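Read through the structure below, which is laid out as C-alpha cells, and then see the notes.
Each value in this text was obtained by applying a stated rule to the coordinates, not by laboratory testing. Model, not experiment: these values are computed from the prediction. Note: ideal-geometry Cβ built from the backbone for every residue, glycine included; neighbour counts use all protein chains shown.
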Amino acid sequence: MKLTGEGKLVRIFIGETDKHHHMQLYDTIVKRAREEHLAGATVLRGVEGFGARSVIHKVSLLDLSEDLPMIIEIVDTAEKIEQFLPIIDTLLEEARCGAMVTVEKVDIRKYTAGK
C-alpha cells in the first residue's frame, strides 16, 4: 500500500498502568488499529510527565517506573482516522482512565508497505 499526501495523526496520551479488560490499554489500542487496517501505530514511553490530576510520574533510581506516560501515535488518511476515533473513545470509556486524544493534519511524504 502506498500512502502520500494529506492525512491525520492521532495521539493518545495515557498511563503505563492503564488497563482494558486486564490487558495493557496501549496494547489493546494498537491491536484494534491493526484490525482496522490502519497504516501503522507506534507506542512511545515517556520518562516524565503529568496529566489532569497534576501528579508527576517519572523514572526514579529506586523504581523502574511509576506509571509512566505513554503516547500512542497513529497516522493514516483523514477518513480512516475519523472512522477509528469512535473506537478509541469506546476503549477509553471502558478503561475508565484519564486520557487525552489529539488529532492534527499531517503531510505524509511517503508510506510504503512490503518489499
Q.
Report the Cα centroid-to-centroid distance between the stretch 1-49 and the stretch 86-109 in angstrom, as an integer.
A. 8
Q | Given [x] 2, 11, 21, 22, 18, 12, 9, 4, 1, 0; [y] 2, 8, 6, 6, 6, 6, 6, 6, 7, 7, 7, 6, 7, 7, 5, 3, 2, 2, 1, 0; [z] 2, 13, 27, 28, 21, 8, 0, the label whose value is P(r) over Cα pairs in 5 Å bins from 0, in percent derived from this model | A | [x]
Q. Of the cross-linked pairs 31/105; 31/80; 2/31; 58/110; 2/105, which ones have a Cα-Cα span greater than 27 Å in the structure shown?
A. 58/110
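Calculated FRET efficiency, residue 105 and residue 37, Cβ-Cβ r, R0 30 Å, to nearest 0.05?
In this case the efficiency is close to 0.90.
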(Q) Based only on other Cβ atoms within 10 Å, what is the fewest-to-most ordering of 73, 16? (A) 73, 16
**Q.** Burial ordering of 107, 76, fewest other beta-carbon atoms within 10 Å first
**A.** 107, 76
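Using a simple charge model, +1 on the beta-carbon of Lys and Arg, -1 on the beta-carbon of Asp and Glu, nothing else, what dipole does the stretch 5-108 show about its Cα centre, in debye to the nearest 20? Provide the component values of the computation, followed by the final result.
Details: 12 positive and 19 negative charges, 27 e Å.
It comes to approximately 120 debye.
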Q.
List the residues, sorted by chain then number, that are 5 or more residues from residue 40 or on another chain and whose placed amide H is less than 5 Å from its amide H.
A. 75
